[in-house]
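Have a look at the structure below, then the notes.
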Amino acid sequence: MKKDEKVTRILIVDRDRPGAELIDHAASIIRRGGLVAFPTETVYGLGANATDAKAVAAIFEAKGRPSYNPLIVHVSDIEMAWSCVSNPSAVFERLARRFWPGPLTLVGSRSDWIAANVSAGLATVAVRMPANAVAHALIEHSGVPIAAPSANRSNRVSPTTAMHVLKDLNGRIDAVLDGGPCLLGVESTVLDLTGAIPAILRPGPISAEAIALELGFAIRDFEPLDSSSDQSSKMMDSYNKEIESGRDASALKSPGTSAVHYAPRTRATRVEVERIGSISWTGRVGLLVLGDHAIDLLDDRSASGAGPAVRIDLRDPGSAAEAFYRTLHEFDDRALDEIVIVLPPDRPEWLAVRDRSTRASRPYQINL
Ligand code: TXA
Ligand code: MG
């Protein structure tokens, strides 16, 4: 074992009825400033006591996360939420009561109880109450709100199982609560409530439409990235420069919602379905088809003698969300030469999966 390396304990618990003993053990690690990864209904989070700046700093360290990218605070009940947010608005309260516990993160103004580095120094704080019995029990037994980003190394694929967490963070964290695979598979919707109009900063399982329906007025929906532009790799370059120069980017409006995210190690290329015919199948390619597209590659295959080495179709938005990160992890494990992602339709129900696919890949044409 290297210096600074920890023994990461794997605590296997029942997803719906976790045993009190292991939860107490994990909660005692949180209370003494340690790091515990835990399941939520979206993805696994890497948790620390959100009121302890030193513990929070250890999250950034373990993930290799730039300090200007703020974390989400997880609570187990409404009272705990009210001690994280100062003067929550009526809209905040209404949405919390309607959608919690669940995959909606609300951004309000940060109370003094929450360590400033949770929010990367911003005056705001992002809060959510997860709908997973293990997460709930961990927060409740810890007695403090838990700051938790997704439990992966910065810019890597988000984890939806404890194994994914260990692949990235074994030896860097104190424990992982293994409560099985996550039900939803993509991160929560992030909604900014600090401006004049509520605005979605990250699309997720709760849609703008569902939020507007509850509020009775329209909100600002997420602006999708352009699937044909190389925005994500350009952002990757400027992001790396920022890290190298040690620039404090906390002035960015939504740091961390940058186009750089979730990338597998294998080179990943995205293509709209109309252009699938132009792909040249060189090397061992993993093909991920998102959406109910009728793509028959058999003709191409007999003509050129080539085709994908492995193909996975995820036809409907719910199961595609659930299996998306797991599929990228599996493709990564197969040591393929390339991953080709056929993007899902540009429709509201596919917004979150289209967003994550775009961030995980580069457009096809630049690789011609
Ligand atoms: O589903 C989820 O949200 C998962 C689970 C573990 O809860 N967590 C998660 O955390 O995805 P992370 O750190 O990977 O993403 C947090 C997102 C980032 O896009 C970050 O910029 C945004 O939330 N965020 C956090 N605090 C913010 C703030 N004060 N203002 C604006 N955006 C904020
Ligand atoms: Mg993340």
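Couple of notes before you dig in:
- Computed extension length for ASP4-ASP221: 73.8 nm, one decimal, from 0.36 nm per residue of separation with the Cα-Cα distance subtracted.
- Estimated dipole of the range 1-95 in Debye, rounded to 20 [Cβ of Lys and Arg +1, of Asp and Glu -1, Cα centre]: 460 debye
- Solvent-free Debye calculation, one equal scatterer per alpha-carbon of the range 42-99: log10 I(q)/I(0) at 0.16 Å⁻¹ equals -0.64.
- Principal-axis tilt of helix 53-63 within the chain, Cα atoms, nearest 10 degrees: 10 degrees
- Mean-square fluctuations from a GNM of the chain, with a 10 angstrom spring cutoff on Cα atoms, peak among GLY19, GLY33, GLY180 at GLY19.
- The label point for ASP14 and the one for SER28, both projected 7 Å from the Cα toward the Cβ, are 2.3 nm apart.
- Under a model in which nothing but the beta-carbon of Lys, Arg (+1) and Asp, Glu (-1) is charged, the chain shows a dipole of about 860 debye around its Cα centre.
- For the chain, built as a Gaussian network whose Cα springs stay under 10 Å, the top-fluctuating residue of SER86, SER278, SER142: SER278
- GNM flexibility winner over the chain from ALA199, ALA48, ALA321 (Cα, springs under 10 Å): ALA199
- Descending semi-axes in whole angstrom, ellipsoid equivalent of the range 1-71, from the Cα gyration tensor: 22, 15, 12
- A straight chain from GLU349 to ILE78 at 0.36 nm per residue would run longer than the Cα-Cα distance by 94.7 nm.
- Rounded to whole numbers, the Karplus 3J(HN,Hα) couplings from phi for the range 64-78 are x, 8, x, 5, 8, 9, x, 9, 8, 9, 9, 10, 9, 8, 5 Hz, using 6.51 cos²θ - 1.76 cosθ + 1.60 with θ = phi - 60°, and x at Gly and Pro.
- Lysine pairs in the chain with Cα atoms under 20 Å, if 8 or more residues apart or on separate chains: 13
- Hz values of 3J(HN,Hα) by residue in the range 131-136 - Karplus curve (6.51, -1.76, 1.60), Gly and Pro given as x: 9, 8, 5, 5, 4, 4
- Built from the Cα atoms of the chain, the convex hull projects on average onto 18.5 nm², one quarter of its surface area.
- Segment SER89-MET163, extension gain: residue separation times 0.36 nm, minus the distance between their alpha carbons: 22.7 nm
- LEU201 long-range amide H proximity, modeled H, under 5 Å: VAL190, LEU191, ASP192
- Projected area, mean over directions - the range 1-137, Cα convex hull, nm²: 8.7 nm²
- Ascending count of other beta-carbon atoms within 10 Å, so fewest first, for PHE99, PHE222: PHE222, PHE99
- Antiparallel bridge percentage (DSSP; both residues within the chain; nearest 5): 35 percent
- With contributions of -39500 (n - 2.57) from each DSSP H run of at least four residues, the per-residue ellipticity at 222 nm computed over the chain stands at -9000 deg cm²/dmol.
Every number here is computed from the coordinates shown, using simple stated rules; none is lab data. Here the structure is a predicted model, which means the values were calculated and not measured. A quick note on method: Cβ atoms are made from the backbone with ideal geometry, for glycine too, and the neighbour counts reach across all protein chains shown.
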